[in-house]
Amino acid sequence: MERERGWKQFKGIETPSTVEIHELFFKKVHKGSEVLDLGCAWGRIVFQLQREGYSVTGIDINGSAIDNALDTAKKTNKKYQKKVKFVTANAMELPFSDESFDACFLQAFLTTIVLPEDRSKVISEAYRVLKNNGVLYLADFGQNWKNPICSDRYKRDYPVTGEKGTFIVTDDSKSDVKELFIAHHYTREELFNLVKDDFNIENFHETIFTTFHGNRTKGYIIIGRKK
């Protein structure tokens, strides 16, 4: 499955978005900050942060989701003092200048990045556009081999994906099962190694997230400070 096609297939507000913002973000990033949300989909998190008093720019490769977000922003930007923006863009090639943002938000986004080398590109771009001492907020799904649903999918799809913890998400609501997208669940070490060279890790928190299919599984939250 081509890596971007899986996410471009969703229309409007259909793109999955289940993970909630942890209180750590609000403790580390003061209101009024300029925040970049990578993989914002239709803007659920962007609009929540706007209501909380942040100026937010959301990017996503899905033009349909961005169009929906832009329509909603026309209303919210009249209502709230802090404004939001949306751009159709690739997180590996951000269309922003160096040191443009106070914080970079990656919530259940790296799970969608299939290739390890692309994950490093995303983190490098986040580092580039963050201001000195800027904050990286990373929240993503952890591998859970004790959960039979997760472990069965990991094992089932490993011959296809070639990476432990990477699996194919399907739409099982119809008689003919449809492949939707490829996802990756991370080990603690994988996430740590992704960010440790560019960021001082101030918090590494284990929690529980809800998946696309409504399953509750292990998750990690990292707060990193740009070196």
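Results for (1) outside any loop (DSSP other than H, G, I, E, B); (2) in contact with a helix residue (DSSP H, G or I) (Cβ under 6 Å, 6 or more places away or on another chain); (3) under 18 Å from Phe109 (Cα atoms); (4) modelled with pLDDT of 95 or more, shown as yes or no for each residue.
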position: Phe10; (1), (2), (3), (4): no, no, yes, no
position: Glu14; (1), (2), (3), (4): no, no, yes, no
position: Asn77; (1), (2), (3), (4): yes, no, no, yes
position: Met92; (1), (2), (3), (4): no, yes, yes, yes
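Run Glu93 past the list (1) touching a Phe, Trp or Tyr at 6+ places or on another chain (Cβ under 7 Å); (2) surrounded by fewer than 14 Cβ atoms within 10 Å (Cβ to Cβ) and report the number of the one that doesn't hold.
(1)
Scanning the stretch 207-220 for residues that are of a type outside the set (Lys, Arg), assigned to a strand (DSSP E or B) and at pLDDT below 95, which turns out surrounded by the fewest Cβ atoms within 10 Å (Cβ to Cβ)?
Ile208
Might you check whether a residue that is of a type in the set (Val, Ile, Thr), part of a helix (DSSP H, G or I) and farther than 16 Å from Gly39 by Cβ occurs anywhere in the stretch 167-174?
Checked the stretch 167-174: no residue is of a type in the set (Val, Ile, Thr), part of a helix (DSSP H, G or I) and farther than 16 Å from Gly39 by Cβ.
Within the stretch 128-173, track down each residue that is of a type in the set (D, E, K, R) and over 18 Å from the mean Cα position of the chain (by Cα).
Listed by number, the residues that qualify are Lys131, Lys146, Asp152, Arg153, Lys155, Arg156, Asp157, Glu163, Lys164, Asp171, Asp172.
Picking from Val84, Val114, Val129, which residue would you name as being touching a strand residue (DSSP E or B) at 6+ places or on another chain (Cβ under 6 Å) and either at pLDDT below 95 or among the polar types (S, T, N, Q) (or both)?
Val114
Return the total of residues in the stretch 181-206 being assigned to a strand (DSSP E or B) and either without any contact (Cβ under 8 Å) to a residue 60 or more places away in the chain or within 30 Å of Asp171 (Cα to Cα) (or both). So that I can check it myself, show each step before the final result.
Going through the stretch 181-206, the residues assigned to a strand (DSSP E or B) turn out to be 181-184, 186, 199-206.
Right, trim to either without any contact (Cβ under 8 Å) to a residue 60 or more places away in the chain or within 30 Å of Asp171 (Cα to Cα) (or both) and you get 181-184, 186, 200-201, 204, 206.
Result for the stretch 181-206: 9.
Which one is modelled with the highest pLDDT among residues in the stretch 143-194 that are among the charged types (D, E, K, R), closer than 30 Å to Glu125 by Cβ and loosely packed, with under 14 Cβ neighbours inside 10 Å?
Glu189
For the stretch 31-42, check the following and say yes or no: at least one residue is farther than 23 Å from Lys121 by Cβ and at pLDDT below 95.
yes
Sort out which residues of the stretch 18-51 are closer than 18 Å to Lys82 by Cβ and part of a strand (DSSP E or B), and write them in order of number.
Of everything in the stretch 18-51, those that are closer than 18 Å to Lys82 by Cβ and part of a strand (DSSP E or B) turn out to be Glu34, Val35, Leu36, Asp37.
List the pairs whose first member sits in the stretch 36-49 and is touching a residue at least 60 places away in the same chain (Cβ under 8 Å), whose second member is in a loop (DSSP other than H, G, I, E, B) and among the aromatic types (Phe, Trp, Tyr), and whose Cβ atoms are under 6 Å apart, counting only residues at least 6 apart or on separate chains?
Close Cβ pairs satisfying both conditions: Leu38/Phe109; Gly39/Phe109.
Would you mind finding the one in Val122, Val135, Val129, Val114 that is surrounded by 15 or more Cβ atoms within 10 Å (Cβ to Cβ), on the phi < 0 side of the Ramachandran plot and touching a Leu at 6+ places or on another chain (Cβ under 6 Å)? Full working, then the answer.
Working: Val122 fails: touching a Leu at 6+ places or on another chain (Cβ under 6 Å); Val135 fails: touching a Leu at 6+ places or on another chain (Cβ under 6 Å); Val114 fails: touching a Leu at 6+ places or on another chain (Cβ under 6 Å).
Going through Val122, Val135, Val129, Val114 in turn, the sole match is Val129.
The values are calculated or read from the model by the stated rules, or taken from the named source; none is laboratory data. Note that the structure is predicted; figures quoted are calculated from it, not measured. A quick note on method: Cβ atoms are made from the backbone with ideal geometry, for glycine too, and the neighbour counts reach across all protein chains shown.
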